[in-house]
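Enquirer: The structure that follows is given in the form of structure tokens.
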Amino acid sequence: MNWEAVIGLEIHVQLKTRRKMFCGCAVGALDDPNTRTCPVCLAHPGALPTANKQAVEWTIRLGLALGCEIAERAIFHRKNYFYPDNPKGYQISQYDEPLCVGGRVRLPGPDRVAEIGITRAHLEEDAAKTLHVGGAEGRIHGATASLVDFNRGGTPLVEIVTEPDIRSADQARRFLQLLRQTVVELGISDAEMEKGSLRFDVNVSVRPEGSDELRTRTELKNMNSFAFAAKGIRREIERQTAIYESAGQVEQETLHFDPNREDAPPLRSKEEAQDYRYFPEPDLVPIEPLREWSLDELRAELPESPSARLERVLAAGLDLRDAEALNAEPARVTLFETIRDVGVEPRPAAAFVLNEVARHEVDPARVDGAELAKVLLERDQISREAFDAAIAASASEGFTADEYLRERTVADASELDPVIDRILSDNEQQVEAYRGGKEGLLGFFVGQVMRETQGKANPKVVNERLREKLGA
């Protein structure tokens, strides 16, 4: 029997507002421990929350970017659980009336475009951070003690929940990368996984291929690496498949994937909504987005989505790897498309942006693509030094190709042949070795010609003339 993976994601994105979600404390999760706190985020008796309006607006912007419907009315709930990093004994979150529902993201792939449903995107406060000490790599397993830093507690946090529409570890990785790029380009989060501002949980189940049933799922908790997420998903697919094939049953539980050991020990049985005893937060009024904001205006301000941009780049005929590399930076795509539109074929244009422009550490956003394309089109007719110099200068104000196009190479065989003949005559031993089968020596001869001509010889013509003379 063939098995099919069914994967859903819960992505947590810290918003980079100046203030916390429900109090006036500055956001500063990485500041000295417990220095960004107040009676509200420490849950002192009588302290009352007030909602951060900018965080609400940014969540709406994200919802629009994900194709969600923005609710006419959204309310905050208390999500009850007891843990050291939760001083109130509950988290202020959203439940059955979230800000954003029912979105859809197009995920271009190597063979087709998959559509990943967005169940909801809701706004909440982040928990504080528990630090496990005395164990390996700060993990709870093997730790001897735990400390709590309340700086992070109360930071605005958006949770994005997908439908179980993902079918492979690689597809999950690419979706997470695309989503991270979306929030970064919206300007609402740095989404730095190593700092904890982007992390995600992965729900995995398997079923017989062709079936539409949803079997028992497990959750891989608090992952902050695309590669580790893919590795954890593959491991969990294999584990569940092995259980079913041995006539066993998968238990619903939360797992903690350790990428170094490639192990996922269980943390606890998986909670359901009723376990959190949700009820409306009595200290916060409902949010009515349509009264506070014009969705048409917010939608008009959105940048082009990375998904649409990637789809367009793939349509130009590039493979997925190059298209994703270009799409990682909008300015790269703009430069690629400008160069292509001037007349350079798509694949060479992409290779030029990803290799030559990147090698010279040139900011693609500042490059005059039309001028630089002129240099690329004449690449075989100018010296390598002029070509490199043009790329290095291409982000300079007032850059034009003319200065570099004047550095034409020598391509006239009547000028090159005397130089080539002299070099072959002076290196008879190498000539015999080449004719004896050591064809790698061709590079030696080309180098000698380039040195003699001070780099002005046309390499293509030099290669052709050398091969002709050495084959004689």
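The values are calculated or read from the model by the stated rules, or taken from the named source; none is laboratory data. Model, not experiment: these values are computed from the prediction. Every residue, glycine as well, gets a Cβ built from its backbone with ideal geometry; the counts of neighbours run over all protein chains shown. Only protein heavy atoms, including side chains, enter the accessible area calculation; ligands, DNA and RNA are left aside. Shrake-Rupley method; radii C 1.70, N 1.55, O 1.52, S 1.80 Å.
Enquirer: Please give the contour-minus-distance gain from Glu192 to Glu439: 0.36 nm per residue of separation, less the Cα-Cα distance, rounded to one decimal in nm. Write down the numbers at each step before the final one.
Expert: Working: separation 247, 0.36 × 247 = 88.92 nm, distance 4.97 nm.
Between Glu192 and Glu439, full extension yields 83.9 nm more.
Enquirer: Something else: Could you calculate the contour length gain from Arg167 to Tyr83, that is, 0.36 nm times the residue separation minus the distance between their Cα atoms, to one decimal place in nm?
Expert: Numbers: separation 84, 0.36 × 84 = 30.24 nm, distance 3.33 nm.
Extending this stretch completely gives an extra 26.9 nm.
Enquirer: Here are labelled values, (i) 22.8; (ii) 26.5; (iii) 23.6, and one is the computed Kirkwood radius over Cα pairs in Å for what I pasted. Which one?
Expert: (ii)
Enquirer: Lysines within cross-link reach of Lys456: Cα-Cα under 26 Å, excluding same-chain residues under 8 positions apart?
Expert: Answer for Lys456, where 26 Å is the Cα cut-off: Lys374, Lys469, listed by chain and number.
Enquirer: Magnitude of the Cβ-charge dipole of the range 107-199, K/R +1 and D/E -1, about the Cα centre, nearest 20 debye?
Expert: 200 debye
Enquirer: Let's test the formula: R0 of 35 Å, r as the Cβ-Cβ distance of Thr50 and Glu304. What FRET efficiency results, to the nearest 0.05?
Expert: 0.50
Enquirer: Follow-up question, since we're still on this one. Please compute the net charge surrounding Leu298, taking Lys and Arg as +1 and Asp and Glu as -1 over other residues with Cβ under 13 Å from its Cβ. Show your work: numbers first, answer last.
Expert: Numbers: positive: Arg61, Arg299; negative: Glu57, Glu292, Asp296, Glu297, Glu301.
Here the charged neighbours net out to -3.
Enquirer: Accessible area of the chain with a 1.4 Å probe: how many percent of it is carbon plus sulfur? List each step's numbers first, then the result.
Expert: Details: 10680 of 23070 Å².
Carbon-and-sulfur percentage of accessible area, whole number: 46.
Enquirer: Something else: If each of Gln454 and Asp421 carries a label point 7 Å out from its Cα toward its Cβ, how far apart are those two points in nm?
Expert: 2.4 nm
Enquirer: How far apart, in nm, are two points set 7 Å out from the Cα along the Cα-to-Cβ line at Ala145 and at Ala43?
Expert: In this crude label model, Ala145 to Ala43 measures out at 2.3 nm.
Enquirer: Apply the Karplus parameterisation 6.51 cos²θ - 1.76 cosθ + 1.60, with θ equal to phi minus 60°, to every residue of the range 44-61 and state each ³J(HN,Hα) to the nearest whole Hz, in sequence, with x for glycine and proline.
Expert: Ordered by residue, 3J(HN,Hα) equals 5, x, x, 6, 10, x, 9, 6, 7, 5, 5, 5, 5, 4, 5, 5, 5, 4 Hz.
Enquirer: Per-residue HN-Hα couplings for the range 192-198, Karplus 6.51 cos²θ - 1.76 cosθ + 1.60 at θ = phi - 60°, whole Hz, x for Gly and Pro?
Expert: 8, 5, 5, 9, x, 7, 9
Enquirer: If you average the alpha carbon positions of the range 280-334 and of the range 139-185, how far apart do those two centres end up, in angstrom?
Expert: When both Cα centres are located, 19 Å separates them.
Enquirer: Arrange the peptides 316-328, 39-51 so that the one whose residues have, on average, the most other Cβ atoms within 10 Å appears first.
Expert: Result, highest mean first: 316-328, 39-51.
Enquirer: Where nothing but the Cβ of Lys and Arg (+1) and of Asp and Glu (-1) is charged, how large is the charge dipole of the range 292-443 around its Cα centre, in debye to the nearest 20?
Expert: 380 debye
Enquirer: Rounded to the nearest 0.05, what FRET efficiency is calculated for Asn355 and Asp402 with R0 set to 22 Å and r the Cβ-Cβ distance?
Expert: So, using R0 = 22 Å, E works out to roughly 0.35.
Enquirer: So what is the accessible area of the chain per residue, in Å², with the probe set to 1.4 Å?
Expert: 49 Å²
Enquirer: Separate question: How large is the charge dipole for the chain, taken about the Cα centre, if only the Cβ atoms of Lys, Arg (+1) and Asp, Glu (-1) carry charge, to the nearest 20 debye?
Expert: 800 debye
Enquirer: I would also like to ask the following. Compute the separation of the alpha-carbon centres of the range 414-430 and the range 1-25 and state it in Å as a whole number.
Expert: 67 Å
Enquirer: Rounded to whole Hz and in sequence order, give me ³J(HN,Hα) for the range 164-179 from the Karplus expression 6.51 cos²θ - 1.76 cosθ + 1.60, θ = phi - 60°, writing x for Gly and Pro.
Expert: Each residue of the range 164-179 in turn: x, 9, 8, 10, 7, 5, 5, 5, 5, 4, 5, 5, 4, 5, 5, 5 Hz.
Enquirer: Using the basic label-point model (7 angstrom from Cα toward the beta carbon), what is the Arg291 to Glu464 distance in nanometres?
Expert: Those two pseudo-labels are separated by 7.7 nm.
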